[in-house]
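What follows is a single structure, written as structure tokens, with notes after it.
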Amino acid sequence: MARKSLLIGVAITLVLLLIPVTREPVPSLEDAALQRTLLERGDAHFWMQKRFLRSKSVNLSAISQYDALIRQAADSIGWDWRLLAAVIYHESRFHNEAASSKGARGLMQIRSKRYTEEELLNPARNLSIGTSYLRKLENRYLDAAGPDEAIKFALASFNLGDGRVESLVAQAAADSLDATCWDAVATLLPKGHHTVSYVNNVLNTYAYYSRLYPR
């Protein structure tokens, strides 16, 4: 009886293996309602990453409802708008009303007593403040480190604080590390530090956006 049951089980398994698997069709990216839902939820990037990253024909029409403002703000500091969009994604997921427990507000999660909450919750004003600060941070490292590394230092400073990154750079120089290379300076942070992850995540998201959206 046991042998008969075993044979029956094997036979059923073989039959199941021979039955073609029907996959659920993937929704079309041209579906305007789907695009709108994804953008409102702020997770279009990760949905795309899972479903369509290997497709050569993927191209969405917009990253967020703030694309026009992001383009304008990025142009003001000479950045690719998709890089700035990547920063905003990791700061607020494109939620203008986003607020942190530490008092950061708006699209770029600005935290400063110099500005009113009304200013920080105004998308255009928030982007203007945030990009001006990024440009200041980038210029601080541009001459010594070059444009690519300067962007990494700017992102790190935006996340960790400019004073803290400056201290790390000084320590790196004192330890005979390459103080003009973010990866070298980042070794002074604890393994798995959130700022190291932040810089990597922003740049990875920028790479995805560069593939999926036209400049």
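We did not get these values from a lab; they are worked out from the coordinates using the rules stated. The structure displayed is predicted, hence computed values, not measured ones. Cβ placement follows ideal geometry from the backbone for every residue including glycine, while neighbour counts extend to all protein chains displayed.
For the range 167-191 and the range 94-115, what is the separation of their Cα centres, given in Å?
The range 167-191 and the range 94-115 have Cα centres separated by 29 Å.
Counting only Cα, what are the radius of gyration and maximum Cα-Cα distance Dmax of the range 67-212, in Å?
Calculated on Cα positions, Rg and Dmax stand at 15.1, 46 Å.
Give me the net charge for the shell around Gln171: Cβ to Cβ below 13 angstrom, other residues only, Lys and Arg +1, Asp and Glu -1.
Working: positive: Arg164; negative: Glu166, Asp175, Asp178.
Residues near Gln171 contribute -2 overall.
Tell me, in nm to one decimal, what length is gained between Leu189 and Arg135 on full extension, where the rule is 0.36 nm per residue of separation less the Cα-Cα distance?
17.1 nm
Between Ala62 and Asp178, 0.36 nm times their residue separation minus their Cα-Cα distance comes to what? Present the calculation step by step, with values, prior to reporting the outcome.
Values: separation 116, 0.36 × 116 = 41.76 nm, distance 3.88 nm.
Once the chain is fully extended between Ala62 and Asp178, it gains 37.9 nm.
Please give the peptides 155-168, 173-186 ranked by average Cβ packing (other Cβ atoms within 10 Å per residue), highest first, as a rough proxy for protection.
Put in order of decreasing packing, that is 155-168, 173-186.
Tell me, what is the percent relative contact order of the range 67-212, built from C-alpha pairs under 8 Å that lie six or more residues apart? Numbers along the way, then the final one.
On the way: 164 pairs, mean separation 28.9, N = 146.
After rounding, I find 20 percent.
Working out 0.36 nm times the residue gap between Gln171 and Arg211, then minus their Cα-Cα distance, what length gain in nm do you get to one decimal?
Working: separation 40, 0.36 × 40 = 14.40 nm, distance 3.69 nm.
So the extension gain works out to 10.7 nm.
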